[in-house]
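Notes to accompany the following structure.
The values are calculated or read from the model by the stated rules, or taken from the named source; none is laboratory data. These numbers were taken from a predicted model, which means no experiment stands behind them. Every residue, glycine among them, receives a Cβ derived from its backbone with ideal geometry; neighbour counts consider all protein chains shown. What goes into the accessible areas is simple: the full protein's heavy atoms, side chains included, and nothing from ligands, DNA or RNA. Shrake-Rupley method; radii C 1.70, N 1.55, O 1.52, S 1.80 Å.
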Amino acid sequence: MSAERLWGGGFEQPLDPIIDRFCESFSFDRRLLLADVASNRAWVEALRDAGALTGDDAARLDAALAGIAAAEITIGGAAPPGRAPAAAAGGGPEDVHTFVEREVERRVGADLAGRLRTGRSRNDLVATDLRLYCREEGAGARRDLAACVAGLAHLAGRAGGLIVPGYTHLRRAQPILLAHQLLAHAARLMRDDERIAEALSRMDVCPLGSGALAGTTVPVDRLQLARRLGFASASANSLDAVSDRDFVADLLYGSALIMIHLSQIAEDLILATAAEFGWLTLPDAVATGSSLMPQKKNPDVLELLRGKAGRVAGRLAGFLTTLKGLPAAYNRDLQEDKEALFDGLDTARGSLQALAVVLRHLQPLPERGLADDAGDMLATDLADYLAGRGLPFAEAHTCAGRAVALARETGTPLASLPLETLRTISPLVGADVFDRLDGPASVARRACAGGTAPQRVAEELARVRAWADAAAGDGKGHP
Ligand code: ARG
């Protein structure tokens, strides 16, 4: 039996080194080290309470495990992702569970270390470790989301009453407050937070004590064990428990949707900071240059946010494909969960952190806002005016369309057409029509709940700010 494996008693040949390298997971699952130590410590207590370990042995095992956690930085649990040198060369520990057991052995000897594994399998252990890891990282993602929501709210506050063209089909549609657009993105990230929170509450179930597949013969109190690890309950079916990775899929979906939302924010910001739009500027601290064109200031950060969305969606699709058709038990395919999860969550969290920085730096340019130059984006206001005077909206729409055509033919902004000209489209037009035909009036009239009127946007801003403050306060990302 190899010192680096937890099996092999009945094997006659050593493992081929290429296969060894192919199967190892320590190069990436080493980041589960602290979770693995926590699961092991809880298991030691459960074994002691069940009478399967003496109090003295349990205390020695626990001290050894605590020592491993304390030395975690030096042994590489917190090392950056990538292949550990020993694993890359072959001959390193097969996985983090092997590593921890061998470290325990080094500290308390093989006899006692060999008792740690009583009644437990790596199958229930890895499922538990991964949930513990997800709990931490999921909470971290919620903090990152909260910081972005706060950043969007802050920028919306600085944008104040800045009116910009609202687009549909990327064509000028109706004037809106820039703050309204920014808060639309905040709403998406707030839902993302709710989604991650739901995933975390669904995964709050402890698989430890499920054994390899059928349960354990040691009479451990599984509910107490679950509570010790901070889980709300213990899993109900051992076969499901060791092979359920729904929680990984949930978090990957949550991460993928965060990235989709970030890509949408990025796209809006790329446009808003382009000269042709230009109501926001991208300061140098968050812009990049061109090696050839000295005048360029590029939004590479935003483009990367947009680009990375594809990568995380790919991780989700890839992992779902791994799960498809698996027999309901542990299969080694499941080892593929880790790189997908780590990369998906790392990418989402890193992207949120980058966006929060960009949001702090963006500067609104009030002089680029619309005032009385909203042009034919006021056509709906003209139609609404006519409908308000009793014309069926469909007819009002046609009349306003004729006014737009006249404005275009004569090269006059809609709001500058003479009253007589406007009267030719409908005798219902009165001099008060001009009160409607300007940007601020158009925006102010959209005062329904959820509309872009300054009052409504101010209320929404207050709600989003309160949410972000509460999220920052409880450290979880949710009021
Ligand atoms: N490295 C494995 C994984 O990530 C740990 C579980 C191994 N279990 C087994 N029976 N081979 O899934």
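Between 424, 42, 68, whose Cα lies farthest towards the positive end of the dipole of the chain when Lys and Arg beta carbons carry +1 and Asp and Glu beta carbons carry -1, centred on the Cα centre? Going by the charge dipole, the pick is 424.
For the chain, the alpha-carbon radius of gyration amounts to 1.32 times the rule-of-thumb value 2.2 N^0.38 Å expected for a compact globular protein.
Once the C-beta distance of residue 421 and residue 353 is scaled by a Förster radius of 35 Å, the resulting FRET efficiency is 0.05 to the nearest 0.05.
Reported to the nearest whole Å, the Cα centre-to-centre distance from segment 184-209 to segment 323-347 is 19. With all protein chains kept in place, the per residue accessible area of the chain amounts to 45 square angstrom at a probe of 1.4 angstrom. Charge dipole (Cα centre; +1 on Lys/Arg Cβ, -1 on Asp/Glu Cβ; no other charges) of the chain amounts to roughly 440 debye. Annotation: peptides 313-319, 387-393, ranked by per-residue average of other Cβ atoms within 10 Å with the highest first, follow the order 313-319, 387-393. When a 1.4 Å probe is rolled over the protein heavy atoms, the share of accessible surface on the chain that falls to carbon and sulfur comes to 55 percent. Ligands, DNA and RNA excluded, the heavy atoms of residue 49 present near 80 Å² of accessible surface to a 1.4 Å solvent probe. Close Lys pairs in the chain, defined as Cα atoms under 30 Å apart and 8 or more places apart or on different chains, number 7.
Between the beta carbons of residue 365 and residue 71, assuming R0 = 45 Å, the FRET efficiency works out to 0.25 to the nearest 0.05.
Subtracting the Cα-Cα distance of residue 246 and residue 194 from their residue separation scaled by 0.36 nm leaves 17.0 nm.
Of the residues 452, 321, the one with the largest accessible area comes first in the ranking 321, 452, computed with a 1.4 Å probe on protein heavy atoms. Heavy-atom accessible area with a 1.4 Å probe sorts 308, 297, 324, 338, largest first, into 324, 297, 308, 338. For the pair residue 275 and residue 172, label points projected 7 Å from Cα toward Cβ lie 1.9 nm apart.
Can you give the local net charge around residue 433? Use residues other than it whose beta-carbon is closer than 10 angstrom to its beta-carbon, Lys and Arg +1, Asp and Glu -1. That works out to 0. Exposed loop sites here are GluC sites (Glu not before Pro) assigned a DSSP state other than H, G, I, E or B and surrounded by at most 10 other beta carbons within 10 Å; excluding them, the longest clear run of the chain is 13-275. For the chain, the longest principal axis of the alpha carbon atoms and the long axis of helix 33-49 meet at an angle near 50°.
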